[in-house]
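Just so it is clear, none of the values below were taken in a lab; they were calculated from the coordinates. Not measured: the values here are computed from a predicted model. Cβ: placed from backbone, ideal geometry, glycine included. Neighbour counts: every protein chain shown.
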Amino acid sequence: MNRVATLALSATFFAGALLAQSTKPCESLKSLSVPDATITAAESVPAGPYQAPGRGGPGAAQPPLMLPAYCRVAAVLTPSSDSHIEIELWMPEADWNGKFEAVGNGGFVGAIGYPAMAAALREGYATAGSDTGHKGNSASFALGHPER
């Protein structure tokens, strides 16, 4: 199985495990044990303006988005010994449409797609995105790392 498929299955399994536990308060998800994953944050985020990381400050092109209250879970996935995949999963605290929307990256982009996640959350979806195991927008992450 290629690495992209493995990543997609790992992220889907992780999201499914957390969604199955969604009857628990958000903060309690921090203690959930998921294979090949370390949950680094689990917090309730109140409804209000949201500015994606790296997109705020003076001269920002986009105003903050208004988002509903949600549970934010951040984690690092390690499906292989040479992997470090950062992901975030957002689950609406109310009015969930019962669906999950994974957001992705184009080309070699290594960044979580916060704007796409915000759009999905506003439509009632639970949503997740990843940095695909690297930062930046080149293939240099793969040099000397055949599994990546």
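Taking other C-beta atoms within 10 Å as the exposure proxy, Thr38, Thr127, Thr78 rank Thr38, Thr78, Thr127 from fewest upward.
Estimated at 0.36 nm per residue, the fully extended path between Thr38 and Asn97 surpasses their Cα-Cα distance by 18.5 nm.
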